[in-house]
Amino acid sequence: MEEIPALILDLTIILCIAAITTLLCKKINLPSVLGYILAGFLAGPVVNFIPTIDDMASIEVWSDIGVIFLMLGLGLEFSVHKMAEVGAPGFLSAGIQAVGLCAAGFFLGELLNWGNTNSIFLGVMLAMSSTMITMKSIEDMGHKKEPFAALAMGTLVIEDILAIFAMVILATISASQSISGIALAERIGLLLLYLALWLILGIYLVPTMMKKLVVLMNDEVLLIFALALCFFMAILAQHIGLSTELGAFLAGSLLAGTVHAERVEHLVTPCKNLFGGVFFISVGFMVQPAMIVQYILPILLLAVVAIAGKLLFLTLGGLAAGQTMETSLRAGAAQTQVGEFSFIIAGLGQSLSVTGAFLYPIIVAVSVLTTFTTPLMLKLSMPLCRWLERVLPESWQRALEQYARSRQSKKNQDDRDWTIFLKSYSRTFGLFGVLSVGTILLGVRTLRPFLEEVGIPGPLPPETVTCIAVYVVLAFLLPAMLRMKKRFFTALWLERTSNRVILSILVIFRMAAAVLLAVLPAFLLFGINPLWLALMALAVILLASRSNKLAGHYLQVEAQFLANLNERKLAVKFGEGGNAHQWLTEQLYVITLVCPQGYVQEGVSLKDLDWGKVDSVKVIKLLRGREQINIPEGYVTLRQRDQMVIMGAKRAVENFCRKQAEQGVLPWPGEHLRTLKEYIEKQEEANQLLCCGVTLDKVADLQGRSIRDSRIKEDWSAFLIGLERDFLPIPNPDPNLNLRSGDLLWVMGSQEMAGKLMGLGLLDYDE
């Protein structure tokens, strides 16, 4: 019989011991992570009276895999929307705590004469709390639905993200001890750029790929796909200068945004539990009683600093974010332990040979000690809060309450025009700007050296080929940077004169950034005078931004990106059991305006007025005495006393009303702004307007065409008011947007439209 490999024997030993120790921890209501650490201690080199492992190197490989799985699991619990939901309280609380504990840990390390590098690592490790232990303590004590629990979990999400970036920065500093501050900032900036580029491409590609392959993905194939993506991104991250942990985390984050997130998490959890358990067991190997005895005073000191510091800084962070004293203090008390992420950071320091051997077992001991004290701190938080309310001056308490109310009031006004406009501005500018910078860097730093190394056939040198390739991509990306939501821009422009200065600066800034990016490739590759390049680039970008064909392509990219980014959220909101086909008629608004006597635009055609392009509104009906014109054509001219039924997004209609009021065009007496759904349901005219939904899969000849070229109005006697793509609502779509299979088109028209759609077998839904 063949001899059993040492790895199998070692796994048998550690898993058997871990099964016993974790059961014991569960029995006495302690976190299972302590059972794993105890199992590692018992199976490690210190304890000799029970079987111990022989092949430490193989276990360490499994431990490294465990870290990757833990990061994948963390990523599956995190998405861009989850970070947005955390909001300012989580960011402020985590940020203040991280800065405070990092500083306290560093100065404490210096006080103990441990050296700069050990002190830096110590500060970062002290700032990390444990998501698992915090969750376990809150659940066991029945506080999961209380306000402080949401703040605590939000803070932990941000702490985990900060830990990921801290690992990247620490690895960079450790690998280049003599690096200058400017060089370090440049390297970190490049890493952040690559990270943003990576996220954007991942959000665009991964969900799109999964949608196409979903019919082939049973549980087995989906698990293999998820793990392949995880390890591929881990390796790619290390290749471009990031960490494998960050790559695995990003893989989980990308999967977390898809509709398959719960299914993937269910499939991956057993793997994460197994390999993650091996990682925590390997942490137990590092527990050295002799060293703990030797460093018992620093361990106790660090535990006190961690508990007191976290309680103080997390409470201050919660108060700064506008939370109450009770919520802030209890959220801080729930996070007063040093978490398992500290073990990963300590392992990073050892793998880079930049930290002392004593630091790992010390931080493990501190973590174990603070884990035991967390439930106690949570129990003491309420008495401590009541004591503070008695001793703090009443003026301080009133000031804190007033500050909390003002923060909440500000939060409730987050839907203001400036907020919406700046979000749209930043999203478009960031999306296409990062892609543009990434294209230039990949061309100059990767493509050109590759072409120089392998050689290319033909007379063109590598620099020319690289320049052409980069500009082909930039011709698509840079015009897209200049897009913005006109209706919010118009609203802000009309609201007050001071807004116009800021809006003009934002427009100039975006144009200048586009010109700068257009100049960079030729300047970096050939050293051409940037002034002449800038003048040419400005003309080309302005010309390209007016290209309908290019606009159709980048609108397609942006729509796909937004659909992927919001896939999971939209599926929950509009999917099975949701409100899939009610969104459009509730997001578009209608009002009836009357052209006054002596109307200055009398006789002007709707085509010449071009309100659709200028103001993003549409005249859906004209009432002229007893005459009624549904969806009037562009040649129709306006007359005095005409009643115009205007439709558009709420802000667009409000802006239009404000502009028209200057010319005496006012709402019909008693008329008010109402949703399109309400208007359609309460029509009193004989020839009423109808809204219908048409699935594009039934109209193959429209797939791939732009809305402008679709002939929907001519062939269906209908007006396209919006569409739904992968659950993403797109009201008032740009005419250059290309239609694709799976789109649900929302069209408006009269009975003639309904008859044509029914005759063609296209009518799916009606309002």
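The values are calculated or read from the model by the stated rules, or taken from the named source; none is laboratory data. Just so it is clear, the structure is predicted and the values come from calculations on it, not from any experiment. Note: ideal-geometry Cβ built from the backbone for every residue, glycine included; neighbour counts use all protein chains shown. SASA here: full protein model, heavy atoms, side chains in, ligands and nucleic acids out. Shrake-Rupley method; radii C 1.70, N 1.55, O 1.52, S 1.80 Å.
So the values come out like this:
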{"quantity": "Spacing of the two label points (7 Å from each Cα toward its C-beta) at E586 and M56, in nm", "calculated": "6.3 nm"}
{"quantity": "Hydrodynamic radius of the range 332-390 per Kirkwood, over alpha carbon pairs, in Å", "calculated": "13.1 Å"}
{"quantity": "Cβ crowding within 10 Å averaged over residues, with 251-257, 222-228 ranked highest first", "calculated": "251-257, 222-228"}
{"quantity": "Difference of contour (0.36 nm per residue) and Cα-Cα distance, N113 to V454", "calculated": "117.5 nm"}
{"quantity": "Rounded FRET efficiency, nearest 0.05, which uses the C-beta distance separating L9 from Q238 and R0 of 35 Å", "calculated": "0.65"}
{"quantity": "Förster radius 30 Å - calculated FRET efficiency between E681 and K659, Cβ distance, rounded to 0.05", "calculated": "0.55"}
{"quantity": "GluC sites (Glu not before Pro) restricted to the range 648-719 and DSSP loop, no more than 13 other C-beta within 10 Å", "calculated": "E662, E684, E685"}
{"quantity": "Ordering of 29-37, 438-446 by packing [mean C-beta count within 10 Å, highest first]", "calculated": "29-37, 438-446"}
{"quantity": "Contour minus Cα-Cα distance for I292 and T497 (0.36 nm per residue)", "calculated": "67.0 nm"}
{"quantity": "GluC sites (Glu not before Pro) restricted to DSSP loop in the range 1-76 with at most 16 other C-beta within 10 Å", "calculated": "E2, E3"}
{"quantity": "Probe 1.4 Å - accessible area at V454, Å² to nearest ten", "calculated": "80 Å²"}
{"quantity": "Unsatisfied cross-links (Cα-Cα over 30 Å) in the set K423/K618; K607/K650; K211/K618; K677/K698; K607/K756", "calculated": "K211/K618"}
{"quantity": "Listed residues M210, M286 arranged by accessible area, highest first, probe 1.4 Å", "calculated": "M286, M210"}
{"quantity": "Segment R445-D608, extension gain: residue separation times 0.36 nm, minus the distance between their alpha carbons", "calculated": "53.7 nm"}
